[in-house]
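Structure record follows, encoded as structure tokens.
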Amino acid sequence: MSNRKTILVTGAAGYIGSHICVELLAENSKKYQVIAIDNLCNSSALAIQRIEKISQGTLPFYAIDICDRSALDRLLKSHHVDAVIHCAGLKVMNESLTQPLRYFENNVVGSANLLQVLASHNIKNFIFSSSASVYGTPSTVPIRESAPCLANNPYSRSKLMVEQLLADIALTDPAWAIGVLRYFNPAGAHDSGLIGELPHQKPTNLIPSIVRVASGQQSALPIFGDDYSTSDGTGVRDYIHVMDVASAHVAALAYIFNDANKDARGFTLNLGTGQGYSVLDIIRTFASACGRAIPYTTEARRPSDTAICYADAWQAARLLGWRAERGLAEMCADHWRWHMKNPSGYTDGDCKRL
Ligand code: NAD
Ligand code: UD1
């Protein structure tokens, strides 16, 4: 009889969820089978085919909204699940400023719904995609997990509210094993170039914005502020390869399933490299990865932007034995490869050529 664990991944067709599925299904990780759900509000079901292509296997997929409790209940009546990796959510900070109720409903109510259904099926192993933005503007770097959480926009607060709900659940019922992973700045793509982050018409994040310049869709990159107290005056962040983010989830599952940890299975961990890079560092590295110049202009600081933000990555190393392994050059090269192979994201035509 197979003793493989079954992992339900929510938001599985999305950027991070798709890479987590690939890592779970990887050749060297025959420990897991995966069930994928996503409501496809910010993704394509073609991502599931790509995951299957990379993994050379099948990935059962259900187009389910986490806000739909009866659909979740039906799913869990027909599938045994050992643990859940919960990536489904809306993630655009700017959008959350104008649509706070939508972010609350989807991210907070949706997560509460999911947790209720899981509890009713006695599924109590849970890993949550949180964000370093829960820290708000840090007063010191590197940021430790014990730093105050001063989330300062509806998106970040939705992440913090779910973290707080999870803490309350863990307090009331010790059967839960809950891992909260606070991602810093994920970038890059699987090195096959088959899966990656969907291109947006107006990305706000740095690396997708650089891609638009490198591919000629935008004439120059606006650098938001060159007068910060950083080495070159531009903002510093902790960019982490999405495959390293994915491997951290596999390490987190191993920790939760390890009987030796059965009395202390909850954790909140930063997922970063511990290394900060400036906007100019990223521009230079990306330019050399894609072999094209990245023209830029210097603009005013972005409101509420922080100068320097990078993780203290020690706790994840200590607890999970996990460290980010891929560097900035690999991140930029992989991000660019994904873009060149899929300039419009996932399309039917591309999929037929697989
Ligand atoms: P993404 O938008 O690519 O993926 C999220 C997926 O969730 C999408 O496929 C979307 O269709 C799905 N989804 C959204 N609402 C849903 C719902 N109600 N029911 C079912 N599916 C739903 O985003 P991502 O970059 O893969 O982010 C994954 C998670 O990680 C999010 O929760 C995000 O907040 C968090 N996170 C992301 C970043 C980042 O920079 N990408 C940083 C920190 C945290
Ligand atoms: C952003 C989001 C945050 C989200 C995080 C991870 C904002 C204000 N915050 O934070 O909610 O959790 O990404 O996905 O959107 N930059 C430029 N020019 C650009 C784009 C960015 O100079 O066109 C600079 C920024 O000023 C910053 C750095 O690049 O110094 C990184 O920006 P970004 O990728 O948006 O990440 P965060 O600011 O960390």
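Bear in mind these aren't lab numbers, they're just calculated from the coordinates by the rules spelled out. The structure displayed is predicted, hence computed values, not measured ones. In this analysis, Cβ positions are derived from the backbone assuming ideal geometry, glycine residues included, and neighbour counts consider all displayed protein chains.
In terms of its alpha-carbon gyration tensor, the stretch 164-249 comes out prolate; a/c meets the 1.5 threshold, and the first ratio a/b outweighs b/c. Calculated mean residue ellipticity, 222 nm, the chain: -11000 deg cm²/dmol, from DSSP H runs (n ≥ 4) at -39500 (n - 2.57) each, averaged per residue and rounded to 500. Descending by average beta-carbon neighbour count within 10 Å, the peptides 260-267, 117-124 line up as 117-124, 260-267, the highest first. Relative to one another, the C-alpha centroids of the stretch 200-278 and the stretch 1-63 are positioned 22 Å apart. Backbone geometry of the stretch 104-121 corresponds, through the Karplus equation with coefficients 6.51, -1.76 and 1.60 at θ = phi - 60°, to 3J(HN,Hα) couplings of 5, 4, 6, 7, 8, 5, x, 5, 5, 4, 4, 5, 5, 5, 4, 4, 5, 9 Hz, x marking Gly and Pro.
Centre-to-centre, using Cα atoms only, the stretch 304-325 and the stretch 87-135 are separated by 22 Å.
The long axis of helix 15-24 is offset from the longest Cα principal axis of the chain by roughly 50 degrees. If you sort the three axes of the alpha carbon gyration tensor as a ≥ b ≥ c, you get a/c of 1.5 or more for the stretch 210-354 and a/b no higher than b/c, which makes it oblate. Of the beta bridges in the chain, as assigned by DSSP with both residues counted there, near 5 percent are antiparallel. What angle do you read, to the nearest 10 degrees and between 0 and 90, between the alpha-carbon axis of helix 154-172 and the longest principal axis of the chain? With both axes taken from Cα atoms, the answer is about 30 degrees. Here the peptides 138-145, 79-86 are ranked by packing, the mean other Cβ count within 10 Å, and the order with the highest first is 79-86, 138-145. Scanning residues 5 or more positions from H190 or on other chains, those with amide H under 5 Å from its amide H are I195, with H placed 1.01 Å from N in the peptide plane. Using the Stokes-Einstein relation with a Kirkwood hydrodynamic radius computed over Cα pairs, the translational diffusion coefficient of the stretch 42-144 at 37 °C and a viscosity of 0.692 mPa s comes to 205 µm²/s.
Step through the table entries K91/K262; K31/K159; K159/K341; K53/K159; K5/K341; K30/K53, compare each Cα-Cα distance with 26 Å, and write down the pairs that go over it. Violating the 26 Å Cα-Cα cut-off are K91/K262; K31/K159; K159/K341; K53/K159; K5/K341.
Once backbone amide H atoms are built at 1.01 Å from N, A88 has T10, G11 as its partners under 5 Å, excluding neighbours fewer than 5 places away on the same chain. Less than 5 angstrom separates the built amide H of V34 from those of I7, all sequence-distant by 5 or more or on a different chain. Using the Cα gyration tensor of the stretch 135-193, with a ≥ b ≥ c the square roots of its eigenvalues, what is the shape: rounded (a/c below 1.5), prolate (a/b larger than b/c) or oblate (neither)? Oblate, since a/c reaches 1.5 and b/c is not below a/b.
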